[in-house]
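This report concerns only the one structure given below.
The values are calculated or read from the model by the stated rules, or taken from the named source; none is laboratory data. These numbers come from a predicted model, not from an experiment. As a convention, Cβ positions derive from the backbone with ideal geometry for all residues, glycine included, and neighbour counts pool all protein chains shown.
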Amino acid sequence: MPNKEVHYSDYLQLDKILDAQMMESAQQGAPAHDEMLFIIIHQAYELWFKQILFEIDSVADIMRRPQINDNSPELQTVAHRLARIDTILKVAVHQIDILETMTPMDFLDFRDFLRPASGFQSWQFKITEAKLGLRYAERFGQEYYLSQLRPEHVALIKNAEQEPSLLDLVNHWLERMPFFDQPEFWADYQPLHPDENSEKHPFWQDYAAIYAGSLIPAERQNLGHFEQLFFGTDAAAERRLSARACRAALFIMLYRGFPLLQTPFQVLNHLLEIDEQLSIWRYRHVSMVTRMIGYRAGTGGSTGRDYLKGALDKHYIFREIAALSSYLIERRRLPVLGKALEERLGF
C-alpha cells in the first residue's frame with residue numbers, strides 16, 4: 001500500500017494554529033497592535049510546556065523500572081531528555097526578551113480586556129511543577145493556587161500530585177546504589193580513621209572525619225547538619241531525599257570521574273539545571289511584571305509582583321540535591337577506593 005502524501009501545512013495543522021490568535025481588543029472595537037505578540041508568546045509557552053510534560057512522562061516511565069543499569073542506554077536516555085527540558089526552559093527564558101519589546105503603555109492598550117484571564121491559569125505549568133516534585137504543602141499562595149482554574153483542570157493537577165513525582169523516583173533510584181551493600185567491593189579498602197565503635201561504613205567514617213577537618217570555625221555547625229542529612233532519620237516531613245539517597249548522590253558527585261558514575265552525575269546535574277532555569281524564568285517574570293504594571297494587582301486577581309516574588313523564593317524543587325555542595329571536599333583529600341571497587345566503576 002503506497003504511503004499517503006503528507007503536506008507541510010497539513011502535517012503541522014497550520015490552518016488551526018494560524019487561526020488561533022483572536023485579539024480581544026479587536027473584538028472590543030479597540031485593536032491593540034501588541035496583543036498579537038502577547039498571544040503568540042503565551043501560545044508558544046503552552047506548546048513548550050506540552051513538550052516538557054511529554055519528556056517528564058517518558059523519563060518517569062524509565063525511572064519507575066525496578067532496575068536501571070547506570071551504564072545503559074536507558075539512563076543515557078534519561079540524561080538526554082532532562083538536558084532537553086533544560087534547553088527548552090532556556091528558550092522560555094529568552095522569550096521574555098521578545099515580550100519585553102512591548103512597553104507598559106503598549107500593554108495597557110489591551111490589558112483590561114483580558115480580565116480575569118491570567119497566566120496563573122496555566123494548568124500545564126502547574127502540572128509540570130507537580131510532576132517534577134513540587135508538593136502542595138511547599139507552594140506559595142496556597143489559597144489562590146487552584147481558585148482560578150476550571151474543574152477539569154483542577155482534577156488533572158490533583159491527579160498529577162497523587163502520582164510519584166520525578167523527585168520521588170530519583171530518590172528510589174539513588175537508594176538502589178549497591179556498592180555499600182556488597183562487602184567484596186571493600187575488602188581491600190584501607191580505612192584512614194578506623195573506629196570499631198562506629199556504625200558507619202568505613203568509607204563514610206573516613207569521609208566524615210575528613211569533612212570535619214575541612215571546616216573553618218564559622219562552619220562547625222555544618223557537622224550537625226552532616227550527621228542528620230546522611231545518617232539521620234528519614235521521618236522528617238520536609239525531607240524529600242532519604243539519608244541513603246543523599247549518601248549515594250554525594251558519592252556520585254565525589255567520584256563522577258569514574259565511567260560508571262558519569263551518566264548518573266549528568267542526571268543529577270540536569271535536575272539542578274532545570275531548577276536553575278525555572279528560577280531564572282520566575283525572576284525574569286517578576287522583573288517584567290514590575291516593569292509593566294508596577295505593584296498593581298494581576299489580571300486574575302493575584303497580588304501580581306508580590307505573588308511572583310513569593311513563588312520565586314519558595315519553589316525550589318531539587319534544593320536537597322543542590323545543598324549537597326555544602327558537604328564536598330577537595331579531590332586531593334578524597335579517600336582512595338580499593339582496587340575492586342575502582343575496577344567496578346570503570347569499563
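Filter region 213-225 down to the residues that are assigned to a helix (DSSP H, G or I) and of a type in the set (S, T, N, Q) and list them by number. Show your work before the answer.
Within region 213-225, the first condition is being assigned to a helix (DSSP H, G or I), and the residues that meet it are 213-214, 217-219, 222-225.
Within region 213-225, SER214, ASN222 qualify.
The C-beta contact set for region 61-72 (first residue within 18 Å of GLN266 (Cα to Cα) and in a loop (DSSP other than H, G, I, E, B), second residue among the aliphatic types (A, V, I, L, M) and modelled with pLDDT of 90 or more, distance under 6 angstrom, 6+ apart or interchain) comprises ILE68/LEU75; ASP70/LEU260; ASN71/LEU260.
Every condition in (1) surrounded by fewer than 15 Cβ atoms within 10 Å (Cβ to Cβ); (2) more than 32 Å from the chain's Cα centre (by Cα); (3) modelled with pLDDT of 95 or more is met by LEU47 except one, and the failing one is (2). The single condition among (1) surrounded by fewer than 17 Cβ atoms within 10 Å (Cβ to Cβ); (2) modelled with pLDDT under 95; (3) under 20 Å from ALA44 (Cα atoms) that PRO191 does not satisfy is (3).
Between PHE251, PHE230, which is buried (at least 19 other Cβ atoms within 10 Å of the Cβ) and closer than 30 Å to ARG139 by Cα? Show your work before the answer.
On the way: PHE251 fails: closer than 30 Å to ARG139 by Cα.
None of the other options fit; the residue is PHE230.
Residue by residue, here is whether (1) closer than 21 Å to SER72 by Cα; (2) in contact with a Pro (Cβ under 9 Å, 6 or more places away or on another chain); (3) of a type in the set (Lys, Arg) holds:
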site	(1), (2), (3)
ALA248	yes, yes, no
GLN262	yes, no, no
HIS270	yes, no, no
ASP275	no, no, no
SER279	no, no, no
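Across region 126-138, the qualifying residues are those that are on the phi < 0 side of the Ramachandran plot and buried (at least 18 other Cβ atoms within 10 Å of the Cβ), and the one among them that is nearest to the chain's Cα centre (by Cα) is LEU132.
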